[in-house]
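Remarks on the structure that follows.
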Amino acid sequence: MRSNNPVAMDSHALGTLNYIRASIEAAGAVAVPGTAGIAMGVVGLIAAGAASVPALASRWLAIWLIASVLGSGLGLLLIARHRFGAGLPLYRGPARRFVFCLMPALLSGAVLTTVLYTAGEVRLIPGTWLLLYGSAVLSATLLTAPAMMRLIGIMGGLFVLLGGLAFALPAQWHNLILGVGFGLLHLVFGLLIGRVEVHGESTA
């Protein structure tokens, strides 16, 4: 028997297809919890505060290197905890692709840090860190959950802008700009992503 309402059927089919497509996209994405950004931001602010103490100012590079290890370790731990809690594999599928997108720029940053330090061009290290970290975040943006994609993309772009600014600023501003990037940006966007997570859960 022929339907008397083909438009309604077509609309229902289109809605179903859109739902399936959105589900596939979400399944192939990595949800970065806001707590990871908050934790990394707190570590970054502590590092900026420590490096601003006159007695420790000459050790700013060591302080920030320690902070990078602690911050990245905390971030990875919280992302892994989030995936484990959601019953998702820790290092398969989108999680592995997410890491692969991050690593080239991050490894380049590690190599360039060594090269610049050896060449006595330490003043170029903060800009290099911010620029390459922002590039890493932008590279991985398309693999993040759709609800967070825009926020994480904006954060990555701001890191790139801060990196360019760091190259133009004198050395006495470098600790501040590192604190703004790895401390304040991580903290602010971690809180914003946390709000997106809460809103998503309340409307689910």
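Values quoted throughout were computed directly from the atomic coordinates according to the rules given, and no laboratory measurement underlies them. Just so it is clear, the structure is predicted and the values come from calculations on it, not from any experiment. Backbone-built Cβ (ideal geometry, glycine too); neighbour counts: all protein chains shown.
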How large is ³J(HN,Hα) for each residue in the stretch 105-116, as worked out from phi by the Karplus curve 6.51 cos²θ - 1.76 cosθ + 1.60 (θ = phi - 60°), to whole Hz, x for Gly and Pro?
5, 5, 5, 4, x, 5, 5, 5, 4, 5, 4, 5
Full-extension gain in nm, residue 161 to residue 76, via 0.36 nm per residue minus C-alpha separation
28.1 nm
If amide H atoms are built 1.01 Å from N in the plane of the peptide, which residues on other chains or at least 5 residues away come under 5 Å of the amide H of residue 32?
145
If the only charges are +1 at each Lys and Arg Cβ and -1 at each Asp and Glu Cβ, what is the size of the charge dipole of the stretch 34-203 around the Cα centre, to the nearest 20 debye?
300 debye
Expected vector for the stretch 179-188, Karplus 3J(HN,Hα) from phi with 6.51, -1.76, 1.60 and θ = phi - 60°, integer Hz, x for Gly and Pro, equals x, 4, x, 6, x, 5, 4, 4, 5, 4
